[in-house]
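Worksheet for the structure shown next.
The values are calculated or read from the model by the stated rules, or taken from the named source; none is laboratory data. This one's a predicted model, so the numbers in the text were calculated from it and none came from an experiment. A quick note on method: Cβ atoms are made from the backbone with ideal geometry, for glycine too, and the neighbour counts reach across all protein chains shown. These accessible areas exclude ligands, DNA and RNA; they are computed on the full protein's heavy atoms, side chains included. Shrake-Rupley method; radii C 1.70, N 1.55, O 1.52, S 1.80 Å.
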Amino acid sequence: PRMLLVLRVFGDRARTGALFARIAARWQRFGPVTTIAAPDAAADTVDPGDLLRFATGRIGESFVTSKEGLVQRLATIDVEPDRDGRFRVDEFCCHDDTWQATVVALIARADAVVMDLRGFNAARRGAEFELEQLAARVAPERVVLVVDASTDRALVASAAGEAAAHMTVVEVRRGNERQTDAAFAALLAAAA
């Protein structure tokens with residue numbers, strides 16, 4: 001199985017949720033999907049385990065709170081398909097002091113990375129760290145960047161450096177399924 005890492009600019013649930021649903025659901029036929037969870041998209045990815053942890057007061061177990069917790073959480077990534085042949089989506093809920101180490105660890109395990117940079121600009125620079133880490137740690141041919149007119153491409157180039165020129169860039173406008181298909185095809189090529 002080939003592991004996909006999904007990264008994104010936080011803040012626009014509708015935009016990123018639709019892309020995540022289309023790409024991750026299709027990727028689950030090829031391998032597991034990992035992502036950093038955030039409150040703005042939590043409702044889109046709740047699974048029965050999340051509901052059980054919430055109902056039993058153990059929702060805190062979902063969070064990476066330390067280096068040891070990250071190591072334990074990484075060890076629980078299920079890389080085998082379920083009975084229906086689909087692989088799972090593993091979300092890593094993080095605090096401000098654990099998300100960067102989690103991103104680095106997930107990058108190291110990914111066969112392909114898709115990063116939704118729609119809305120990335122000087123006012124919303126939270127994804128800059130991920131771009132820098134991708135440029136430093138991953139062959140740029142394994143990275144697909146999803147952009148639109150709201151993406152500050154100069155800021156992307158600044159954060160990713162020379163690697164940006166070798167990453168696949170796919171422009172996806174809201175509601176255009178063919179463009180999402182192009183991003184998915186680029187990911188399959190990146191993981192090959």
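Some observations on this one:
- Of the residues examined, residue 103 is one that is modelled with pLDDT of 95 or more, touching an Asp or Glu at 6+ places or on another chain (Cβ under 8 Å) and in a helix (DSSP H, G or I).
- Candidates 79, 71, filtered to the one that is of a type outside the set (Asp, Glu) and either crowded, with 17+ Cβ neighbours inside 10 Å or in contact (Cβ under 8 Å) with a residue 40 or more places away in the chain (or both): 79
- Residue 19 being modelled with pLDDT under 90, of a type outside the set (Gly, Ala, Ser), touching an Asp or Glu at 6+ places or on another chain (Cβ under 6 Å) and under 24 Å from residue 100 (Cβ atoms): yes
- Neighbours by Cβ (under 7 Å, 6+ apart or cross-chain): first from region 165-189, free of Cβ contacts under 8 Å to residues at least 24 places away in the same chain; second surrounded by fewer than 17 Cβ atoms within 10 Å (Cβ to Cβ) and of a type in the set (Lys, Arg): 179/173
- Flag: residue 119 does not match the condition of being on the phi > 0 side of the Ramachandran plot, not in a loop (DSSP other than H, G, I, E, B) and not polar (S, T, N, Q).
- Neighbours by Cβ (under 6 Å, 6+ apart or cross-chain): first from region 21-32, part of a loop (DSSP other than H, G, I, E, B); second open to solvent by 30 Å² or more (accessible area, probe 1.4 Å) and not β-branched (Val, Ile, Thr): 28/86; 30/2; 31/1; 31/2; 32/88
- Test for residue 158: is it among the hydroxyl-bearing types (Ser, Thr, Tyr), open to solvent by 20 Å² or more (accessible area, probe 1.4 Å) and touching a Gly at 6+ places or on another chain (Cβ under 7 Å): no
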